[in-house]
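Heads up: the structure comes next, in structure tokens.
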Ligand code: SF4
Ligand code: SF4
């Protein structure tokens, strides 16, 4: 049996303009979405669109020519018997609501707003598109580009989804500031979270305050402790502490792994993504993982230190270090997200 990427057969992601993709748009040719929820007359129009079929056809032939393999390392491969017209997806990502209560330097220059969710507060869209697309869903991500605790819209969406299908489990991404016991109970999230990722991007209060503006490091850690305890009791599936690597914080990578171990969770590292934020005004200076960055050698030393001192540790560095000189080093330090098994 051949290896296939499951994503075009089993996953969708919806963006703020209504475009629907089967995986990250950066991985595919520009504009290669499979449909748009505001233009489609049914979810079939999207799920069985010509672009969706074309991408599936290529993957079935193990042809990855539409895929940007420089940044997608096909980490989602697994054995499969997929077809061109598969059943509706089991993985659904609502990535359109960017409301947030803080303003990280690598994300935005003001708190709040952006608020694209209003276009989605249309009952017709919900009935015509969302209800069908959730028919087979098992895992749903909500508010992946904003903050779930800050958005009434995304919280209401979770409540509606639970009413529709209480077997669905959620993947949640949060800054942790307001993710406390009260919030957890208000949304009735016990035993409904498959995975939660908490973004800190620092191991110390000083660095945290420099990067995550408008938050409170100690309050976040208190909430991390609460979430960690829920995970220990088996009420939450997986817990990750996330770290967006840049020049301001990379020296704290080892301490961040220690912090994650303290809370019994996995440390996950991502590269800073180039955008219009403060921190990216000089992106090259921030890209310590690039050979031509003046901090590169120190960064490599840190990675070597991590490898030596945490050989079996629980951290993941997905696409981050592909530009490292020593690619074998990268392979050894990376615990791949490969061979995801889907039952
Ligand atoms: S191999 Fe990567 S780019 Fe291609 S469809 Fe799968 S996730 Fe997308
Ligand atoms: S917490 Fe997340 S969504 Fe909010 S500003 Fe920071 S990176 Fe952006």
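Just so it is clear, none of the values below were taken in a lab; they were calculated from the coordinates. Because the structure is predicted, anything quoted here is derived from the model rather than measured. Because the Cβ atoms are built from the backbone with ideal geometry, glycine has one as well, and the counts that use them run over all protein chains shown.
For the chain, set up a Gaussian network in which alpha carbons nearer than 10 Å are linked by springs, and say which option among 269, 170, 26 fluctuates the most.
26
How high is the relative contact order of the chain, in percent, with contacts defined as C-alpha pairs under 8 Å that are six or more residues apart?
On the way: 605 pairs, mean separation 48.8, N = 343.
For the chain, the relative contact order is 14 percent.
Taking 0.36 nm per residue of separation and subtracting the Cα-Cα distance, what length does fully extending residue 70 through residue 24 add? Intermediate results must be reported in sequence, preceding the final value.
Details: separation 46, 0.36 × 46 = 16.56 nm, distance 1.32 nm.
Extra length available between residue 70 and residue 24 comes to 15.2 nm.
With a Förster radius of 22 Å, plug the Cβ-Cβ distance of residue 163 and residue 118 into 1/(1 + (r/R0)^6) and report the FRET value to the nearest 0.05.
Working: r = 22 Å, r/R0 = 1.00.
My answer for the efficiency is 0.50.
Which shape class applies to segment 235-274: rounded if a/c is under 1.5, otherwise prolate when a/b exceeds b/c and oblate if not, where a ≥ b ≥ c are the square roots of the Cα gyration tensor eigenvalues?
Numbers: a/c = 4.47, a/b = 1.60, b/c = 2.79.
Here segment 235-274 falls in the oblate category.
Taking the number of other C-beta atoms within 10 Å as the exposure measure, put 302, 129 in order starting with the fewest.
Numbers: 302 18, 129 25.
Listing 302, 129 from fewest to most nearby Cβ atoms yields 302, 129.
Based on the alpha-carbon gyration tensor of segment 139-196 and its eigenvalue square roots a ≥ b ≥ c, which shape applies: rounded if a/c is under 1.5, prolate if not and a/b is larger than b/c, or oblate?
Working: a/c = 1.42, a/b = 1.33, b/c = 1.07.
Cα axes put segment 139-196 in the rounded bin.
What length, rounded to one decimal in nm, is gained on full extension from residue 294 through to residue 156, with 0.36 nm per residue of separation minus their alpha-carbon distance?
45.0 nm
Residues of segment 39-68 with amide nitrogen under 18 Å from the 7 Å Cα-to-Cβ point of residue 81?
Label zone hits: 60-61.
Rounded to the nearest 0.05, what FRET efficiency do residue 310 and residue 233 have when you use their Cβ-Cβ distance and R0 = 22 Å? Working shown, then result.
Values: r = 26 Å, r/R0 = 1.19.
The pair residue 310/residue 233 has a calculated efficiency of 0.25.
So what's the chain giving for Cα Rg divided by 2.2 N^0.38 Å, two decimals? Don't skip to the end; give the middle numbers.
Working: Rg = 20.0 Å, N = 343, 2.2 N^0.38 = 20.2 Å.
Against the compact-globule rule of thumb, the ratio is 0.99.
Would you mind getting the Kirkwood hydrodynamic radius of segment 102-151 from its Cα pairs, rounded to one decimal in Å? Kindly include the intermediate steps, with their values, before the conclusion.
On the way: mean 1/r = 0.0762 Å⁻¹.
One decimal place: 13.1 Å for the Kirkwood radius.
State, to one decimal in nm, how far the label point of residue 61 lies from the label point of residue 209, with both points 7 Å from Cα in the Cβ direction.
It works out to 5.9 nm between the two label points.
Full-extension gain between residue 261 and residue 126, please, as 0.36 nm times their residue separation minus the C-alpha to C-alpha distance.
44.5 nm
Restricting to bridges with both residues inside the chain, how much of the DSSP beta-bridge set is antiparallel, in percent to the nearest 5? Could the numbers behind the result be given before it?
Numbers: 9 of 41 bridges.
Among the beta bridges of the chain, antiparallel pairing accounts for roughly 20 percent.
Based on the Cβ-Cβ distance of residue 218 and residue 17, what FRET efficiency does E = 1/(1 + (r/R0)^6) give at R0 = 30 Å, to the nearest 0.05?
Values: r = 38 Å, r/R0 = 1.27.
Rounded to the nearest 0.05, the efficiency is 0.20.
If we count other beta carbons within 10 Å of each Cβ, what is the order of 95, 260, fewest first?
95, 260
Can you give the convex hull volume per residue for the Cα atoms of segment 145-247, as a whole number of Å³? Show your work: numbers first, answer last.
Numbers: hull volume 10.2 nm³, N = 103.
It is 99 Å³ per residue.
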